[in-house]
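Novice: Got a structure for you, questions after.
The values are calculated or read from the model by the stated rules, or taken from the named source; none is laboratory data. Not measured: the values here are computed from a predicted model. All Cβ positions, even for glycine, are placed from backbone atoms using ideal geometry, and neighbour counts span all protein chains on display.
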Amino acid sequence: MTTALITGPTSGLGRQFAIQLAAAGHDLILVSRDETRLTELSIELSEGYGTQSEIIPTDLADRQQLSAVEQRLADRSQPVDWLINNAGFGLSQSFLEATVDDEQRMIDVMVTAPMRLTHAALPGMLERGFGRNIVVSSVASWLTTGTYSAAKAWATVFVEGLQNEVGDSGVNVTALCPGFVRTEFHERAAIQVGSVPEKMWLKADEVVQTAIKDCDKGRVLSVPSQQYQVLAQVARVSPRSVVRRLSSMR
């Protein structure tokens, strides 16, 4: 029986990862701050798919709590085959409007935690000759929209660099780079998205399904949907002055 560890599994893309990996027969390790919601999800998955779920209530911005998850990933006696670094959040304020503590928390959750968890998981995966590691990034990683874009840019480049290290070891690393997805993400961050055209919205279940398939195939970058594949390509080849100008448009 294979095991998948998912951060931020109680809503949005993380919840879809939990559902789809449970449906595929994986046991789960669920990591989030909200113990009540973790327990409810664990029961739901057990009843729906017959999987076993271990819950680890954790604030990923707390280094001591994060350490416990690292230790679980590094435990060779209980191997983890899939690592989904999904946890993240956005801020509605600009860099100068937000508090430095909020900015630091974003870096802790979206940069430090994936780096440390991946570092803990990869040695065991490489020893076994099998592993799947998905880091949820964004098409924003090729734009310039403050700390969020910077954190996602780190995630994308981090995965691309890891691929050079793992090579053909049987361990696949993938950066999932979606655009706007129908989840609670924007509402929880109080981010206004009313002007986003309907055709630019993606469905969470389809995004996750694409990511899992792409990771299994060894694709380093997973950009769901044709419209975002085009947007990502344009952003990657355009002069940075043009990208900055477009990113600043509201």
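Novice: Pull out all pairs, ordered by first then second residue, where Cβ-Cβ is under 6 Å, the residues are six or more apart or on different chains, the first lies in segment 35-58 and is surrounded by 18 or more Cβ atoms within 10 Å (Cβ to Cβ), and the second is of a type in the set (Asp, Glu).
Specialist: 51/27
Novice: Looking at residue 209 and the list (1) surrounded by 13 or more Cβ atoms within 10 Å (Cβ to Cβ); (2) modelled with pLDDT under 80; (3) part of a helix (DSSP H, G or I), which single condition is not satisfied?
Specialist: (2)
Novice: Limited to segment 4-32, what total is found for residues that are of a type outside the set (A, V, I, L, M, F, W, C) and within 11 Å of the chain's Cα centre (by Cα)? Steps first, please.
Specialist: Restricting attention to segment 4-32, the residues satisfying the condition of being of a type outside the set (A, V, I, L, M, F, W, C) are 7-12, 14-16, 20, 25-27, 32.
Remaining after also requiring within 11 Å of the chain's Cα centre (by Cα): 7-9, 12, 14.
The total comes to 5.
Novice: So which residues in segment 71-101 are crowded, with 16+ Cβ neighbours inside 10 Å, closer than 18 Å to residue 32 by Cα and either of a type outside the set (A, V, I, L, M, F, W, C) or over 16 Å from the mean Cα position of the chain (by Cα) (or both), if there are any at all?
Specialist: Those that are crowded, with 16+ Cβ neighbours inside 10 Å, closer than 18 Å to residue 32 by Cα and either of a type outside the set (A, V, I, L, M, F, W, C) or over 16 Å from the mean Cα position of the chain (by Cα) (or both): 72, 73, 80, 85, 86, 88, 90.
Novice: In segment 107-149, how many are of a type in the set (Gly, Ala, Ser) and loosely packed, with under 15 Cβ neighbours inside 10 Å?
Specialist: Residues of segment 107-149 that are of a type in the set (Gly, Ala, Ser), as a first pass: 113, 120-121, 124, 129, 131, 137-138, 140-141, 146, 149.
From the residues that got through so far, the ones that are loosely packed, with under 15 Cβ neighbours inside 10 Å too are 129.
Of the residues in segment 107-149, 1 are of a type in the set (Gly, Ala, Ser) and loosely packed, with under 15 Cβ neighbours inside 10 Å.
Novice: Then there is this: Exactly one condition in (1) surrounded by fewer than 15 Cβ atoms within 10 Å (Cβ to Cβ); (2) at pLDDT 95 or above; (3) under 24 Å from residue 212 (Cβ atoms) is not met by residue 104; state its number.
Specialist: Going through the list (1) surrounded by fewer than 15 Cβ atoms within 10 Å (Cβ to Cβ); (2) at pLDDT 95 or above; (3) under 24 Å from residue 212 (Cβ atoms), residue 104 breaks only (3).
Novice: Using the structure shown, decide if residue 19 is touching an Asp or Glu at 6+ places or on another chain (Cβ under 9 Å) and assigned to a helix (DSSP H, G or I). Working first, answer last.
Specialist: Details: touching an Asp or Glu at 6+ places or on another chain (Cβ under 9 Å): yes; assigned to a helix (DSSP H, G or I): yes.
Taking the combined requirement at face value, the residue satisfies it.
Novice: Oh, and also: In this structure, does residue 195 turn out to be hydroxyl-bearing (Ser, Thr, Tyr), at pLDDT 95 or above and not in a helix (DSSP H, G or I)? Full working, then the answer.
Specialist: On the way: hydroxyl-bearing (Ser, Thr, Tyr): yes; at pLDDT 95 or above: no; not in a helix (DSSP H, G or I): yes.
No; evaluated as a whole, the condition is false for this residue.
Novice: Here's something else I'd like to know. Just need a number here: residues in segment 1-34 that are free of Cβ contacts under 8 Å to residues at least 60 places away in the same chain, over 9 Å from residue 84 (Cβ atoms) and touching a Pro at 6+ places or on another chain (Cβ under 8 Å).
Specialist: Residues that pass the stated criteria total 6.
Novice: Kindly establish whether residue 47 is among the charged types (D, E, K, R), closer than 26 Å to residue 212 by Cβ, in a helix (DSSP H, G or I) and modelled with pLDDT of 95 or more.
Specialist: Numbers: among the charged types (D, E, K, R): yes; closer than 26 Å to residue 212 by Cβ: yes; in a helix (DSSP H, G or I): yes; modelled with pLDDT of 95 or more: yes.
Yes; evaluated as a whole, the condition is true for this residue.
Novice: Kindly indicate whether any position in segment 220-233 is modelled with pLDDT under 85, over 25 Å from residue 132 (Cα atoms) and under 21 Å from the mean Cα position of the chain (by Cα).
Specialist: yes
Novice: A further question follows. Quick check: is even one residue across segment 149-169 closer than 21 Å to residue 208 by Cβ, at pLDDT 95 or above, over 14 Å from the mean Cα position of the chain (by Cα) and not in a helix (DSSP H, G or I)?
Specialist: No: segment 149-169 contains no residue that is closer than 21 Å to residue 208 by Cβ, at pLDDT 95 or above, over 14 Å from the mean Cα position of the chain (by Cα) and not in a helix (DSSP H, G or I).
Novice: Here is a list: 64, 93. Which entry is more than 22 Å from residue 29 (Cβ to Cβ) and without any contact (Cβ under 8 Å) to a residue 24 or more places away in the chain? It would help to see each step written out before you state the result.
Specialist: Details: 64 fails: more than 22 Å from residue 29 (Cβ to Cβ).
On inspection, the qualifying residue turns out to be 93.
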